[in-house]
Ligand SMILES: NC(=O)c1ccc[n+]([C@@H]2O[C@H](COP(=O)([O-])OP(=O)(O)OC[C@H]3O[C@@H](n4cnc5c(N)ncnc54)[C@H](O)[C@@H]3O)[C@@H](O)[C@H]2O)c1
Ligand SMILES: [Zn+2]
């Protein structure tokens, strides 16, 4: 088992990474001196596979868990689901000392984290992420929240878990497309922070795609280390934390204009990161051969590297980028790379360059 520390003073916590860790969940809850009542929030895909086991592991350590299941999918990240969870917590008389376990992907983690942040003004919670994306990204760092009709993640709180438990065995049941989508965030850490890690990914992508245990352990641990370091320096995104949004400005816009659900988040940010790499070549002198390496690595991971868009879709994409949450005072700021492993945030990009780079995407005039 590997342990990564998230250095946040009084709110510091550990990320445990390894196979078979679910079996130790009860002991961990005891070690953290959590109250006896708890709720395991999960979804309709993950619940049938893992919730029963988690419940009995907790019971064996003397806890009294209740199960709360939401429908699998992004639509469960809603105010309505939050309300349903509160009602069930209250019905089962969870109190200040009780705690919540988020058992699932990023949807469950964001929802359950927000419920924990707000129920009785905040109760303890533990992240048990079961997707690659959640293990390397969403379960770490304390961003919790839900969507509104007006947009994604518009309501939320910074609220740190007491522990993150990444059981690598849970990834064995993850659908192939979801696994590859998680790799888009993995590759991102190489680009924004660690050139040697990027190189290791280039050499070891085959093993990773076969979900080789030790390759997975290395990769999840390194990604968590990078995220922990960044969040440790800038918990509430005053500055540095913005580098985690590399490729996300275009990625989010693409998700929005194509109707949420067409592209998985990881697929959209794969295209978005290649776009950001092209902008970086134009503005920060990212060498062309590094743009190519970036593109090749996403391709090797089985991720999309371009989209076919009509001229009008490109216009809508530009407009959607302007609506991104990260826009301030009407200006789109990008995270751009100087070289693989080194990025700068808050980069203004002239609209003309944005348009020109977008035009490099293939057109499909029939659309
Ligand atoms: N809080 C953050 O910092 C942060 C960061 C990145 C993304 N996010 C959020 O994360 C969400 C996306 O997370 P996600 O990609 O994990 O999606 P998800 O939670 O919807 O999971 C993807 C799918 O896989 C299923 N699944 C999960 N684990 C499984 C397993 N072990 N075996 C079989 N099926 C399994 C789920 O039921 C779902 O159908 C988005 O809402 C995004 O906004 C949050
Ligand atoms: Zn992301």
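The values are calculated or read from the model by the stated rules, or taken from the named source; none is laboratory data. All figures in this text were calculated on a predicted structure; none of them were measured in a lab. Here the Cβ is made from the backbone with ideal geometry for all residues, glycine too, and neighbour counts use every protein chain on show.
Descriptive notes on the structure:
- Put simply, of 122, 145, 73, 104 the only residue that is on the phi > 0 side of the Ramachandran plot, in contact with a helix residue (DSSP H, G or I) (Cβ under 8 Å, 6 or more places away or on another chain) and buried (at least 24 other Cβ atoms within 10 Å of the Cβ) is 104.
- Top-ranked residue of region 314-335 - restricted to ones that are part of a helix (DSSP H, G or I) and crowded, with 20+ Cβ neighbours inside 10 Å, ranked as modelled with the highest pLDDT: 317
- Qualifying residue in region 135-151 (condition: over 20 Å from residue 265 (Cα atoms) and without any contact (Cβ under 8 Å) to a residue 60 or more places away in the chain): no
- Any hit, region 176-192, residues being in a loop (DSSP other than H, G, I, E, B) and away from ligand 1 (no atom under 11 Å from the Cβ): no
- Residue satisfying all of: in region 244-278; surrounded by fewer than 22 Cβ atoms within 10 Å (Cβ to Cβ) and assigned to a loop (DSSP other than H, G, I, E, B); nearest to ligand 1 (Cβ to nearest atom) among these: 264
- Count of region 121-160 residues, restricted to those that are under 17 Å from residue 42 (Cβ atoms) and either over 11 Å from the mean Cα position of the chain (by Cα) or near ligand 1 (Cβ under 8 Å from one of its atoms) (or both), is 13.
- Taking region 70-128 as the range and being closer than 25 Å to residue 173 by Cα and either part of a loop (DSSP other than H, G, I, E, B) or modelled with pLDDT under 95 (or both) as the test, the residues that pass are 71, 72, 73, 74, 75, 77, 105.
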